[in-house]
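Input: a single structure, listed below in structure tokens.
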Amino acid sequence: MTLISEPRINDPNYVFIEFEDYSHRRLTPKERRREVGLPKGRVFRYGPTQSDGTSQKEQEVCFEGETFSPSKNSHWKTSVSGMDRLARAGKLGRVGKTIYHRLYWDSFAAKKLDNVWLDTQSGGFNDPKVYVVQTTTKVIQRCVLMTTDAGDLVLDPTCGSGTTAYVAEQWGRRWITIDTSRVALALARARIMGARYPYYVLADSREGQEKEAAVTRTPPKHAETYGRLRQGFVYERVPHTTLKAIANNAEIDVVWERRQPAVREALCRLNESLMGHPGPFNVATGGRKGATVDFRALPGETVELPSGEVAPSNGLVEWEVPHEAPEDWPPEAHEALAAFWKARNARQTQIDASIESKADFEYLYDKPYEDNARVRVAGPFTVEALSPHRSLLVDEDDNLVDTIGEARKTNGTGQDFGGMILEQLRTAGVQQAHREDRIEFTSLRCWPGKMIAGEGSYLEAGSGEDRRAGILVGPEFGTVTRPDLVDAAREAANAGFDVLISCAFSYDAQASEFTKLGRVPVLKARMNADLHMAEDLKNTGRANLFVIFGEPDIDVLSVPTENGGEEQFQVKLNGVDVFDPRTGKVRSDSADGIACWFIDTDYNGESFFVRHAYFLGANDPYKSLKTSLKAEIDREAWETLRSDTSRPFPPPGSGRIAVKVINHLGDEVMKVFRL
């Protein structure tokens, strides 16, 4: 089960605090009740060092100049050498006549999740709701992290506002979400596309290898990396330091042997600085609490302690050295005391680092490391639609009901999809990029053709002549292909139409290249997704439900190369060719109405892959981008993208390039060019 950080230190048994200089004290009653803030340090308590049951092995342990043995019918939790190592690591404490193990709160500052999630309750601090039954993000996030790994597929058959897809996208899961409401899908699509996601450090990356090495204090790996999401991220982790882990850490002995000479030398200097000091001095910090120490011992006189330490006779031993010098100590003793604690703390710091690096740990799967220098947005996704299921009706005798026949008998007025589109088209007309380029029908009626579903009439400006347009209505849940346009254009030419207007929600890549058949121009109008909800929306005729956006007008330039290098090309975007309904001709428009354009410099005929992207927005587009991404934008680099001329690129292997243009209304058109 996923582990989460637990920042609150609310266990009443943790009653001591250790400061950065390794001094410690008991917490005050107010601090224990958390009525006041805790000082900076590590909160700890004393834990038992004994377990039930006798042992046949030697059990005497020397600690702070005295010898200890486990109580009757008990034994140490580790070996005698392990207990000595705990003492060297500074993790033993003396309480009365018993020694205990220091248990720090941050030795395992996390908790396992149980089945009561009080932190996910709804309230004023949760995500703002955009949907009536929107689920709290934290609930979905926890479920996803507990049951899936990065790269797994998450299925949500009840999309709603898209919380599951949003969470899956954030945490590197693939997702499929389903809903019967187009309103829900529209909200989910906007939410996912408009979100800014953190960029987590991939484990299968060079950055991930370096981060893992820094966290684990090990040399970085040099294996080949491929950026595979399935390998997961580099996660934060919490140490799980136990008595056993410290007792078995042989590196503590190595650190002790390397650092102890400096500590011993500093202790000797401290005692020497106190020789001749007019004692007695009352020791109140160590194992001989309340004893009187005489510092008038001769230099060189030593005594061997039970622990094996060698110290000046009657002088301070390591555990008796105070953190603050008494006022009556001489100045040289103050300096010697500071030098001692510097060496002592350096030894302890290195030992603690070894303990942390050698300890067991638990991953925090809800806390991967972030790369704050990068901003991530949603990856590519599609919105697919299937025809709604229509159930068969049966009568009281369990016989199938012929709904079509029944409708004919009763002169049923039920309107099919094609009839609804023609009704909307009659009111809304067809809008192009400019307001004046609008086709308004004087009449529009059904046409009994195979491909053409309607006949529309409009007046041509200037001549005032009546022009006839054949209307092709694309599928409600599907794509119009090039063969569809060819068949419809041929049918329009045979019927004497002046123009073919195709209305569809989407066109395939090959259809974008088809613009004319003989004398009949083909206008491809994209239908607004709101038409899916036409039965629920009022037909005011004011919305741009049918929009025609012309094809890109470009020049392909050959870039001269030096020293016989490979030939390269550039694309110069002149504008967009649009159909002028006032003249019935195609005219070339400028690039002023273009928001952005993209190039696939090696188009494979199936899918458009953005290899070059350019933005021609007015005003200050990178200011909006900076605000949206909440990051600093390199103005000079951005200016190279704000151009109507592309950067040079090599010849395409497929022999074709594709240019996609998007206007300020969000309409797009693509055209394929052969080089």
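A short reminder: the numbers here are calculations on the coordinates, not readings from a lab. Since the structure is predicted, the reported quantities are computational estimates derived from the model, not experimental observations. With ideal geometry, Cβ positions are generated from the backbone for all residues, glycine too; neighbour counts draw on all protein chains shown.
Before moving on, here are some points about what is shown:
- Peptides ranked, highest mean first, by Cβ atoms within 10 Å: ranges 488-498, 190-200: 488-498, 190-200
- Length gained on full extension, residue 254 to residue 654: 137.5 nm, using 0.36 nm per residue less the C-alpha separation.
- Radius of gyration and maximum dimension Dmax of the stretch 3-111, Cα, Å: 15.9, 49
- Residue ranges 211-219, 500-508, 654-662, 240-248 sort as 500-508, 654-662, 240-248, 211-219 when ordered by packing (mean number of other C-beta atoms within 10 Å per residue, highest first).
- Förster radius 51 Å - calculated FRET efficiency between residue 486 and residue 121 (Cβ-Cβ, nearest 0.05): 0.25
- Pairs over the 24 Å Cα-Cα cut-off, from the set 572/660; 30/138; 57/244; 30/342; 138/221: 30/138; 30/342; 138/221.
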